[in-house]
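So the structure is just underneath, and the comments pick up after that.
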Amino acid sequence: MPAPDRTRHLPSPARVGVVATAVLATTLAASAQMELRIMRDPIYLTVDAGLSQLLDPATHPTLVDDLATQITTAAEGKAGRLVLVHLTAAPLTYDDLPTLTRRAVDARVAAGADTAAWYEETMSDVLRAVIAESHRRSDVLLSVLGVPVESRAPEGASPRYMSVVAELDALVSTRGFILSESANEIAQLRRTLPAYFEHAAGRPIFYRTNRTWRAVVDPAMAWRWEEATVATGTGDDALVEGYIAATTVAPTGVPTDPADQIMGMGGFLDPDAPSAAPGGGGGGGG
C-alpha cells in the first residue's frame, strides 16, 4: 500500500523534501531504529450518529459537515494531540452487528446482493469523507478507533477499509497490553501487531499498556508528534518506570475520568461504567 501524503499542509518546496524523506524512510523501514514514546492521551471523541444516518447517502453531506466540525473543534488549542474518533452507534464490520440490526440492514439491500460488502463500503465512504473534510479544514491529527487493520479473515486486513487506513494520521490498536519488561517492547509489538506495522507507512502506532498511552514512532516522521510526546526511549530501556519514578503525579497517559478510560485488556471499557482500571488484567492482548 503506498504511503499516505502526510504533507498536504506544507508549502510546495517543503513538501518535495518531506516526501523524499518519507519515501526513503519507508524504503529503510526494516532496518530503521523505531522510537518508543509515552504519549499524551488522545482526544477521545464519541460520535453517536445513528445507523440510519450512516447508511443513507442523502444524509451524508450534512453528517460529514457536522462530524468534521466536531473533530476540528475538539482539536482547537490542542496542537499535536491525536483526535481519536469512536463511532458508538454501529460497529464498522457487518459481522459484529446485533442479529436484529443485521436483519434491518439486510432489508435495505436487494435480494442476492452482498450485504456485508454494501454495509462496510458505505461506512468506509462516510469515514473517508469525514477525514478528508477534517483535513481540508485544519491540520488536525486524526484516527478512527476500531478500523479493522487486522481481520479475522484468512486474507488479513479488510480491503474495504484500506482506503480509510491510508488516510489516518496514526493507527490505534483496540487492544490493551501487559508487556514483559524483560524483552524489547517494540519487538513484542511487532510479533503481536504485524498488520499494524505492515500498514503503518511511517505513521505511529498508538496502543495502551501498563497504564499509559504509548506509540511506536518512525524517527523520520517524529517531528509531527513532538507536542504530544511525554518521554522517548528505544524499547530496551525502562522508559515507563523511569518516567513514573521522576514524577509526583500520575503519568499523562492515565485518565482520571472514567469516561476517558476507554481501553482495557481485550477491548473497550464501558465509558458509563462506575470505574475500571485501564490495562488491567493479565497476559498479552490483541
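Things to note:
- Among all positions in the range 91-99, there is no residue which is within 17 Å of Val147 (Cα to Cα) and touching a His at 6+ places or on another chain (Cβ under 8 Å).
- Selection count, the range 33-42, where residues are open to solvent by 20 Å² or more (accessible area, probe 1.4 Å) and in a strand (DSSP E or B): 1
- Count - residues of the range 189-207 that are under 15 Å from Leu179 (Cβ atoms) and open to solvent by 10 Å² or more (accessible area, probe 1.4 Å): 3
- Residue match in the range 165-173 (condition: out of contact with any Lys or Arg (no Cβ under 8 Å at 6 or more places or on another chain), surrounded by fewer than 16 Cβ atoms within 10 Å (Cβ to Cβ) and modelled with pLDDT of 90 or more): no
- Some residue of the range 102-118 being touching a strand residue (DSSP E or B) at 6+ places or on another chain (Cβ under 9 Å) and either small (Gly, Ala, Ser) or under 20 Å from Thr62 (Cα atoms) (or both): no
- Restricted to the range 208-218, and to residues there that are at pLDDT below 90 and farther than 18 Å from Arg191 by Cβ, the residue that is least open to solvent (accessible area, probe 1.4 Å) is Thr212.
The values are calculated or read from the model by the stated rules, or taken from the named source; none is laboratory data. Keep in mind it's a predicted model, so treat the numbers as computed, not measured. Virtual Cβ from ideal backbone geometry, glycine too; neighbours counted across all protein chains shown. In case anyone asks, the SASA skips ligands and DNA or RNA and just uses the protein heavy atoms, side chains included. Shrake-Rupley method; radii C 1.70, N 1.55, O 1.52, S 1.80 Å.
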